[in-house]
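What follows is a short report on a single structure.
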């Protein structure tokens, strides 16, 4: 049996800012961009890895939630505690430098962790926590 990760869902609060961050800064390719009313679902993924995608979705789009629940979700996203994703790269310091130069919200500079991983962390434009580990770790 072979199981793969096809899609991960990460909320975005500003589709254009999300595109700049994930496409222009991280270098992901846009695989789909679908809209409905005033909402957009943008699917991005790493070049050369067509089977793995991130769906940048409008938060709290479910019509069954209350306005209070919607506000709570947005507050959690903004604080960076609603969603987190970990990426890996073969050039952690180079990617960190590129993100920092682009004005990304740095949470943690590259560091060798006690448990054997070298990583860094930052937030995307919506506030989601993005950790990046060294692929060589």
Taking the stated definitions as given, is residue 84 farther than 21 Å from residue 6 by Cα and surrounded by 12 or more Cβ atoms within 10 Å (Cβ to Cβ)? no
Give the residues of region 72-95 that are over 21 Å from residue 27 (Cα atoms) and in contact with a helix residue (DSSP H, G or I) (Cβ under 7 Å, 6 or more places away or on another chain), sorted by residue number. 82
Of the residues that make up region 92-106, is at least one over 15 Å from the mean Cα position of the chain (by Cα), in a loop (DSSP other than H, G, I, E, B), touching a residue at least 40 places away in the same chain (Cβ under 8 Å) and over 18 Å from residue 8 (Cα atoms)? yes
Within region 96-106, restricting attention to residues that are under 21 Å from residue 54 (Cβ atoms) and out of contact with any strand residue (DSSP E or B) (no Cβ under 7 Å at 6 or more places or on another chain), which residue is surrounded by the fewest Cβ atoms within 10 Å (Cβ to Cβ)? 103
Which of the numbered conditions does residue 32 fail, given that it passes all the others? Conditions: (1) exposed (fewer than 13 other Cβ atoms within 10 Å of the Cβ); (2) farther than 17 Å from residue 7 by Cα. (2)
Which residue is nearest to the chain's Cα centre (by Cα), if the candidates are limited to region 35-77 and must be part of a strand (DSSP E or B) and loosely packed, with under 12 Cβ neighbours inside 10 Å? 35
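For region 11-29, how many residues are more than 25 Å from residue 92 (Cα to Cα), surrounded by 15 or more Cβ atoms within 10 Å (Cβ to Cβ) and at pLDDT 95 or above?
1
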Inside region 107-137, the number of residues satisfying the requirement of being assigned to a loop (DSSP other than H, G, I, E, B), under 25 Å from residue 48 (Cβ atoms) and over 18 Å from the mean Cα position of the chain (by Cα) is 3
Among (1) surrounded by 13 or more Cβ atoms within 10 Å (Cβ to Cβ); (2) part of a loop (DSSP other than H, G, I, E, B) - the single one residue 1 does not satisfy: (1)
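The values are calculated or read from the model by the stated rules, or taken from the named source; none is laboratory data. The shown structure was predicted, so the numbers you read here are calculated from the model rather than taken from an experiment. Virtual Cβ from ideal backbone geometry, glycine too; neighbours counted across all protein chains shown.
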